[in-house]
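Step one of this worksheet: look at the structure below.
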Amino acid sequence: MEWGAYLLTLIGAVLGGLVILYSVAGYYHVKYYIRRREHPEAWKCQPRRFLRAEQQRQAMWLSTRNLTIGGLLSGTYIHAISLGLPTPIYFDVSDHGWLYTIFSALLLFVVTDGLAYYAHRALHYKPLFKRIHHVHHRFVATTPWVAVAMHPVEFLIFQAVTFAPLFIFPVHYLGAIAVLVYALAFNIIDHSGVRLSSRWPWQGPTTYHDDHHAHFHCNFGQHLMLWDRLHGTLRRVGRRYGADVYGGRGSGGSSGDEFVRYE
Ligand SMILES: [Zn+2]
Ligand SMILES: [Zn+2]
């Protein structure tokens, strides 16, 4: 066991997550919450709601703590691989070829996104919501610092579903890193509280997840809206949602109510 190498890997993994958090969240914080604070109706998803200063500090602390835990775990996993832990992750494209390398990275993205939907939906089951997931939903108006501000058990659940596919099918290590970085960066953007449309056809606008915080039990997806459409849990026009309306389909309205359009 080389303790020096282990320590360096841990520091690198922890810093990797924190640098992404502080640079992406910092960018949106300065651009909107400081420079354009006086005109929230021009950019904010929920223009009349702001987090109180102590809520903002709590969100920053929870996100920093969780990403530190995540970095320590993923750093340990990376170091174990370097010591010979068997893994389907590969390091040389020629092992499986370019076509498979690209396909497997896309597959990893879709599989982890699907697992995140089901894990998140399970967390909205009333007993789990009250015990665990309510911590993340304290922030009805989100800010970029809310992205991973959650109960540590919830963070470990999401960490587990993100890493699980890496034990099942071969993925090039850069493909795995790209999917992880994308997931974290877009989670921060989706929690920014800023009305932003997406440049990518598969990625919803920020109002999609912002509505999850404003209306609670609908829009459980992470990046793709596919899973919510498939299960009818995308927010629908004319239905009532709220902290006390569990189940994902709201109340009132008729079964034919159309989905809210997110563009
Ligand atoms: Zn939720
Ligand atoms: Zn959220």
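A few points about this structure:
- Within the option set Arg249, Arg199, being within 29 Å of Tyr32 (Cβ to Cβ), modelled with pLDDT under 95 and basic (Lys, Arg) holds for one residue only, Arg199.
- When residues of region 128-143 are limited to those that are in contact (Cβ under 8 Å) with a residue 24 or more places away in the chain and among the β-branched types (Val, Ile, Thr), the one farthest from ligand 1 (Cβ to nearest atom): Thr143
- Some residue of region 136-146 being buried (at least 21 other Cβ atoms within 10 Å of the Cβ), out of contact with any Ser or Thr (no Cβ under 8 Å at 6 or more places or on another chain) and under 19 Å from Ala214 (Cβ atoms): yes
- Among the residues here, Tyr125 does not qualify as surrounded by 19 or more Cβ atoms within 10 Å (Cβ to Cβ) and either closer than 26 Å to Lys44 by Cβ or within 12 Å of ligand 1 (Cβ to nearest atom) (or both).
- Enumeration of residues in region 184-221 that are touching a residue at least 60 places away in the same chain (Cβ under 8 Å), of a type in the set (S, T, N, Q), assigned to a loop (DSSP other than H, G, I, E, B) and within 12 Å of ligand 2 (Cβ to nearest atom): Ser192
- Residue under evaluation Ala178, criteria (1) in a loop (DSSP other than H, G, I, E, B); (2) of a type outside the set (Ser, Thr, Tyr); (3) away from ligand 2 (no atom under 16 Å from the Cβ), criterion not met: (1)
- A count restricted to region 57-110 and to residues that are over 17 Å from Ile11 (Cα atoms), out of contact with any helix residue (DSSP H, G or I) (no Cβ under 6 Å at 6 or more places or on another chain) and among the β-branched types (Val, Ile, Thr) stands at 2.
- Test: Arg49 is among the basic types (Lys, Arg), touching a Pro at 6+ places or on another chain (Cβ under 8 Å) and within 18 Å of His136 (Cβ to Cβ): no
- Matching residues, region 224-255, being farther than 21 Å from Phe139 by Cβ and of a type in the set (A, V, I, L, M, F, W, C): Leu224, Met225, Leu226, Trp227, Leu230, Leu234, Val237
- Take the conditions (1) surrounded by 11 or more Cβ atoms within 10 Å (Cβ to Cβ); (2) not in a loop (DSSP other than H, G, I, E, B); Glu41 misses just one of them, which is (1).
The values are calculated or read from the model by the stated rules, or taken from the named source; none is laboratory data. Predicted model, so just to flag it, every value in this text is computed and none were measured. Note: ideal-geometry Cβ built from the backbone for every residue, glycine included; neighbour counts use all protein chains shown.
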